[in-house]
Structure formats: C-alpha cells, structure tokens
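Enquirer: The structure's right below; bear with me while I get my questions together.
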Amino acid sequence: LVEKQPQNGHCTNTQMSGGVFLSPTDVENSMGYVEALYRVEGDMAWTDRATLQAWAEYSHQNKAWVEGLGGAHLKLYSSAAEHRELPDWDCFEQWQFAGSGLGLHRFLTSQVSRRGIRVRFNARAQKLLTNINGEVLGVRVGTGEGGEPIDIRAHRAVILTTGGFEFDETMKLNYLKVYPTHFYGTPANTGDGHRMAMELGADLW
C-alpha cells in the first residue's frame, strides 16, 4: 500500500465518518431507490443502470463480507435507507461499527496488519505505469520531500483508491454542480488518483 500522508499525521475521512455502511436487503427491489437517487428527469440519470445494478449486488454482500473477515463489532443502525421520500427506501439496512468512524478505521488497519501488508507512508502516487498495450503494470510514487520517485511493479493488479477531490479547487469548479463548496475531512484528497486514471483515457461523469 502506498499512502500519500506521513505516518505520524495520517488522517482519513473514514476516521471522521459515522462508521456506517449500507446493505440492500433485496437487490432487485432496492433498485427503485438507487435509480431515484441518480435520476435527473424522466428516464435521464447521472449513472447508467448497469453500474447501479452492480453496486446493489455487491453492497448486498457488505455485512457478510465484513463479518467473514473476523473481528468486526457491528450494530444495526437503521432498518431503512436515509431518504424515505424515495421509493423502496425500506429495502435496506444500515450497519454501524462500534466506535463509529474510528472503530471502522481500526478494523481496516487491523486487517492490513494481520496480513503483514507493508504500508509505505509519505509516498504520493504520481503515475500509473503501462506496457505498450496500455495494460497497467505498476505505479510511480514520490518518496517524500525532494526524494527520487520509485517505480513499483504490481504482481497482479493495481487497485486505485482515489479518495476524493474536495480539496482541489480546479476539479471542484469543473465537476461539482455548485460552487463554492467547502468540506471537512482530510486535505490530502486532491484528486491525484482521478488525474492518473484520466491520463489513461478514463472519463468522469
């Protein structure tokens, strides 16, 4: 794992969250709610149905997946989704980690530690490395203040965890519908991952 922030100042949005995750109890019936969230007008939506269907199918597995990892302490936060004015709001459960966001963060970091996964802190990802066919083979990371960048080759794949871009004013101007907007959370979220993916042809919608 490469982490942009230093170890002694590592602050994540997860730590500041409520530690709650959403799980549809019924995948197909939950689609009315999910589609309503993304509907602009009539049949026009911000996000295509196939993507929403994939989200519903995988998030349906959230609780079982978390419990299968071991060590999670969960409580039922709500037997419904947040926006009760939308259809099928009652096809969801919300589960919360003990200790809220800090508890969720401790759970995730314990999973990394138990597996002996190395975390390289103060290592800002700079570029996705590809072969001549455009396949992603690794990532280039910076090594702290003034350090030489290093290239890390992936064994199987690179998982790009983009975070957000709420502390990048240019991206907010381009991709948020309202401006100005101000956020709490980690100032490390400046859209680095989004830009790396866009360099390879990814688009934002």
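Enquirer: Which lysines have a Cα lying under 16 Å from the Cα of Lys75, excluding residues fewer than 8 positions away in the same chain?
Expert: Candidates past the 8-residue exclusion: Lys63.
Enquirer: In the set [x] 19.5; [y] 24.7; [z] 17.5, which value of Kirkwood radius over Cα pairs in Å was calculated from the structure you see?
Expert: Recomputing Kirkwood radius over Cα pairs in Å here gives the entry labelled [x].
Enquirer: Okay, next question. In whole percent, what relative contact order does segment 34-92 give with Cα contacts below 8 Å and a gap of six or more residues?
Expert: Values: 27 pairs, mean separation 14.1, N = 59.
So the answer I get is 24 percent.
Enquirer: Label points 7 Å out from Cα along the Cβ direction at Ala36 and Gln53: separation in nm?
Expert: Modelled inter-label distance: 2.1 nm.
Enquirer: Using a 1.4 angstrom probe on heavy atoms only, work out the carbon and sulfur share of the accessible area of the chain in %.
Expert: So the carbon and sulfur contribution to the accessible surface is 52 percent.
Enquirer: Name the shape class, rounded, prolate or oblate, that the alpha-carbon gyration tensor gives for segment 1-55, where a ≥ b ≥ c are the square roots of its eigenvalues, rounded holds for a/c under 1.5, and otherwise prolate holds if a/b is larger than b/c and oblate otherwise. Mind dumping the intermediate values first?
Expert: Working: a/c = 3.01, a/b = 2.27, b/c = 1.32.
Judged from the Cα gyration tensor, segment 1-55 comes out prolate (a/c at least 1.5, a/b above b/c).
Enquirer: Using mean Cβ contacts within 10 Å as the protection proxy, how do 156-162, 96-102 order, highest first?
Expert: Ranked by mean Cβ neighbours within 10 Å, highest first: 96-102, 156-162.
Enquirer: Explain nothing, just the number: relative contact order of segment 21-131, from Cα pairs under 8 Å at least 6 residues apart, as a whole percent.
Expert: 30 percent.
Enquirer: Now for a separate question. Among rounded, prolate and oblate, which fits segment 40-92 when a ≥ b ≥ c are the square roots of the eigenvalues of its C-alpha gyration tensor, a/c under 1.5 means rounded, and a/b larger than b/c means prolate?
Expert: It is oblate, given that a/c is not under 1.5 and a/b is not larger than b/c.
Enquirer: Also, I was wondering about something else. In a GNM of the chain with a 10 Å cut-off on Cα contacts, which of Leu108, Leu74, Leu37 has the highest mean-square fluctuation?
Expert: In this elastic network of the chain, the residue with the biggest mean-square fluctuation among Leu108, Leu74, Leu37 is Leu37.
Enquirer: May I ask you to list the lysines whose Cα is less than 28 Å away from that of Lys4, ignoring any residue fewer than eight positions away on the same chain?
Expert: Leaving aside lysines fewer than 8 places away in the same chain, those within reach of Lys4 are Lys127, Lys172, Lys177.
Enquirer: Using a 1.4 angstrom probe, figure out how much accessible area segment 110-185 has per residue, in square angstrom, rounded to the nearest whole. Walk me through the numbers on the way to the answer.
Expert: Numbers: 5810 Å² over 76 residues.
Each residue of segment 110-185 exposes 76 Å² on average to a 1.4 Å probe.
Enquirer: Right, here's the next one. Determine, for each peptide in 43-50, 61-68, the mean count of other beta carbons within 10 angstrom over its residues, then list the peptides with the highest first.
Expert: Packing proxy ranking, top to bottom: 61-68, 43-50.
Enquirer: Taking Cα pairs under 8 Å and at least six residues apart, what relative contact order does the chain come out at, in percent?
Expert: Relative contact order here is 23 percent.
Enquirer: Let me ask another. Which value at 222 nm does the chain reach when only helices count, each DSSP H run of 4 or more adding -39,500 (n - 2.57), with the total divided by all residues and rounded to the nearest 500 deg cm²/dmol?
Expert: Dividing the helical sum by the residues of the chain leaves -9000 deg cm²/dmol.
Enquirer: Is the shape of segment 85-145 rounded, prolate or oblate, going by the alpha carbon gyration tensor and its root eigenvalues a ≥ b ≥ c, with a/c under 1.5 for rounded and a/b larger than b/c for prolate?
Expert: oblate
The values are calculated or read from the model by the stated rules, or taken from the named source; none is laboratory data. The structure presented is a predicted model; accordingly, all values stated were derived computationally and were not measured. A quick note on method: Cβ atoms are made from the backbone with ideal geometry, for glycine too, and the neighbour counts reach across all protein chains shown. All accessible areas refer to the heavy atoms of the entire protein, side chains included, with ligands and DNA or RNA removed. Shrake-Rupley method; radii C 1.70, N 1.55, O 1.52, S 1.80 Å.
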